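Visitor: Sharing a structure here in structure tokens format.
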Amino acid sequence: MNATGFSPKSATTDDIDWEKIRTDFPILKLKIDGKPLVYFDNAASSQMPQQIIDRLVRYQTAEHANINRAVHYLSEIATMEFHRARCKLQQFVNAEEDREIIFTSGTTDAINLVMHGYGRKFIKAGDEIILTTLEHHSNIVPWQMLASEKGAKIRVVPINDKGELEIDEYEKLFNERTKFVGLIHVSNALGTINPIKRMIDFAHQYSVPVLIDGAQAAPHLTIDVQALDCDFYVFSAHKLCGPTGVGMLYGKATLLEAMQPFKGGGDMIASVTFEKTIYNTIPHKFEAGTPPIAAAIGFGAAIDYLTAIGIERIAAYENTLLDYATACLNEIPGVKIIGTAAEKTAVISFTIDGIHPHDIGTILNQDGIAVRTGHHCAQPVMQRFNIPATSRASFAFYNKKSEVDTLVAGIKTVQKVFL
Amino acid sequence: MHTNSLYQEVILDHNRKPRNYGKLEHASHRATGHNPLCGDRLNISLQLNERDQIDAIAFEGESCAICKASASMMTAAVKGKSRLDAETLIHEFRELVTGKLDADNPHHLGRLTVFSGIRDLPTRVKCAILPWHTLHAALNSLENASTEADHDPASTVSSNT
């Protein structure tokens, strides 16, 4: 059971024609060196269906102008569509108000916004920030920068051998100096789903705000920020079949209002003189300059596309791929799966005895298979397992079992090359 | 198994049985190379004699097959060569893997041309070139090398790392 109280394994996928959904994605027809593309790098970035591509084309051909400014037709329609995208995100995460949704350039940008807007204002020398071993570098480095600027301290929650957070250790880290928690919802390197509801509740006993990095969770789990009672929740569009260059920050209105702006410029002001500038209200206070209008509208279209299928059905289908692939890889001698948490999304990180992940990635690529190889921007996870890198296959709802068979054959080819 | 343009037998052989693997007890020059893309590290130690020739050379470290084979073949190629000839090979190997080698002009790479296929895989060029950057650093008494621009022997050689 994950934090939202929904178990993906309980949903049914029988009423969906997954083969037909696959045809929505033109890129999946590509051949790589004559081999059909097998795209298993979805945790890095997912592919875009024709419906969203069409939405972007429609915007650029019939709706584009700058927003929040002019009174002409195109500006009105662009402003309205941009606002509609914000409302779609509000519904998607079940935020109480649309002004609690801030458009950012992505997850990293959203975390940096919170670090500058909240952290630089409220974190002081001697304060402690709790992070976990599972964090992506984007939820480590901004807080290290803040800690070094302020003289604050980073405390780290360890993980066990399965790649699960040690919750007892997390709870022991709290004291009167604890002022912030940064927590990844789903590990990008291992797929572990963290018990964030319990962890948020615990932090709130100490009145400590919690930021959830949902970059890997949003494509697979139902998110309800009110039920979670998280203070901040962030993710990117491009892992949800949307465009790159846009992401979102959910923040509780009271917190967003108390925070200082991140970037200064147009749109984030109420009035400017050289003596004094009065900042605009939220969300505009945090959206300086012309935002990625087209990408934000594409983000909204992506939310429509995914919710039409249903995130729960998507997760349930992906879990059938995960279970199948896990069973297949466990049968190959020399292959070791890193990250065996009881609650996982459809991500398999693995090593092959005696073969470097970069060699694995290059040889799999010759069979048209796209996996990620490296440290996955999560070097503390690699250090915990005492490995420099892994290969990672991450599945989406447009993947199929026969592609898992191609991966299994590809891994056997890799082993033959290095025999 | 299909034809494999990059992982040719000579490369696989040097990966399986790397030549000059280890560390020299007495070395006149040492350097550590680092590829931040994958975290791979490589140590090179070598002994230059009074005539500026490489009497002995060894390498060690955890790395991918391309990097290890490149290091193994490099050490075999430069052993007994003068510092100047080694620098020429470093330059020519760099030109080879970045697709800039002029095939009409004579070069000294010999069997090292098995790495030519890597020019089509830009993300792997750094794997092949790391040992050569590290050798260049060692010959120039720099302690550290990297695959990144500051340590690129094609850019100006700098004495501060």
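Visitor: Would you tally the residues in the range A:377-389 being within 11 Å of chain B (Cβ to nearest Cβ) and surrounded by 19 or more Cβ atoms within 10 Å (Cβ to Cβ)? Lay out the reasoning, then the answer.
Guide: Residues of the range A:377-389 within 11 Å of chain B (Cβ to nearest Cβ): A:379, A:382-383, A:387-389.
When the remaining residues are screened for being surrounded by 19 or more Cβ atoms within 10 Å (Cβ to Cβ), the result is A:382, A:388-389.
Final tally of qualifying residues: 3.
A quick yes/no check of all residues on (1) touching a Leu at 6+ places or on another chain (Cβ under 9 Å); (2) at positive phi; (3) at pLDDT below 95:
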residue: A:Asp17; (1), (2), (3): no, no, yes
residue: A:Pro26; (1), (2), (3): no, no, no
residue: A:Thr61; (1), (2), (3): no, no, no
residue: A:Arg84; (1), (2), (3): no, no, no
residue: A:Thr104; (1), (2), (3): yes, no, no
residue: A:Gly117; (1), (2), (3): yes, no, no
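Visitor: Taking the range B:57-70 only, how many residues are buried (at least 24 other Cβ atoms within 10 Å of the Cβ) and away from chain A (no Cβ under 13 Å)?
Guide: So the answer is 2.
Visitor: Still on this structure, please answer the following. Can you give me the number of residues within the range A:264-294 that are touching a residue at least 60 places away in the same chain (Cβ under 8 Å) and not in a loop (DSSP other than H, G, I, E, B)?
Guide: Kept after step one, since they are touching a residue at least 60 places away in the same chain (Cβ under 8 Å), are these residues of the range A:264-294: A:267, A:281-284, A:286-287, A:290-294.
From what's left, not in a loop (DSSP other than H, G, I, E, B): A:284, A:286, A:293-294.
Total meeting the criteria: 4.
Visitor: Filter the range A:118-142 down to the residues that are under 28 Å from A:Thr340 (Cα atoms) and either among the β-branched types (Val, Ile, Thr) or not in a loop (DSSP other than H, G, I, E, B) (or both) and list them by number. Give the steps one after another, and end with the answer.
Guide: Narrowing the range A:118-142 to residues under 28 Å from A:Thr340 (Cα atoms): A:129-141.
The answer is A:Ile129, A:Ile130, A:Leu131, A:Thr132, A:Thr133, A:His137, A:Ser138, A:Asn139, A:Ile140, A:Val141.
Visitor: Does the range A:52-73 include one or more residues that are within 13 Å of A:Tyr250 (Cα to Cα) and of a type in the set (Ser, Thr, Tyr)?
Guide: Kept after step one, since they are within 13 Å of A:Tyr250 (Cα to Cα), are these residues of the range A:52-73: none.
Taking every residue of the range A:52-73 in turn, none turns out to be within 13 Å of A:Tyr250 (Cα to Cα) and of a type in the set (Ser, Thr, Tyr).
Visitor: Of the conditions (1) among the hydrophobic types (A, V, I, L, M, F, W, C); (2) within 14 Å of chain A (Cβ to nearest Cβ); (3) assigned to a helix (DSSP H, G or I), B:Ile90 fails just one. Which one is it?
Guide: (2)
Visitor: A:Glu403 passes all but one of (1) among the charged types (D, E, K, R); (2) crowded, with 21+ Cβ neighbours inside 10 Å; (3) within 14 Å of chain B (Cβ to nearest Cβ); which number fails?
Guide: Going through the list (1) among the charged types (D, E, K, R); (2) crowded, with 21+ Cβ neighbours inside 10 Å; (3) within 14 Å of chain B (Cβ to nearest Cβ), A:Glu403 breaks only (3).
Residues are listed down the side, and each one gets a yes or a no for (1) among the polar types (S, T, N, Q); (2) in contact with a Leu (Cβ under 6 Å, 6 or more places away or on another chain); (3) at pLDDT below 90; (4) under 19 Å from A:Asn139 (Cα atoms):
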site	(1), (2), (3), (4)
A:Met248	no, yes, no, yes
A:Thr254	yes, no, no, no
A:Gly264	no, no, no, no
A:Asp267	no, no, yes, no
A:Val272	no, no, no, no
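Visitor: Identify, from the list B:Leu12, B:Leu48, B:Leu42, B:Leu37, the residue that is in contact with a Ser or Thr (Cβ under 8 Å, 6 or more places away or on another chain), at the interface with chain A (Cβ under 10 Å from one of its Cβ atoms) and aliphatic (A, V, I, L, M).
Guide: Numbers: B:Leu12 fails: in contact with a Ser or Thr (Cβ under 8 Å, 6 or more places away or on another chain); B:Leu48 fails: at the interface with chain A (Cβ under 10 Å from one of its Cβ atoms); B:Leu42 fails: at the interface with chain A (Cβ under 10 Å from one of its Cβ atoms).
So the residue among B:Leu12, B:Leu48, B:Leu42, B:Leu37 that is in contact with a Ser or Thr (Cβ under 8 Å, 6 or more places away or on another chain), at the interface with chain A (Cβ under 10 Å from one of its Cβ atoms) and aliphatic (A, V, I, L, M) is B:Leu37.
The values are calculated or read from the model by the stated rules, or taken from the named source; none is laboratory data. On a predicted model such as this, the values are computed, not experimentally measured, just so you know. Please note: Cβ atoms are built from the backbone with ideal geometry, for glycine as well, and neighbour counts cover all protein chains shown.
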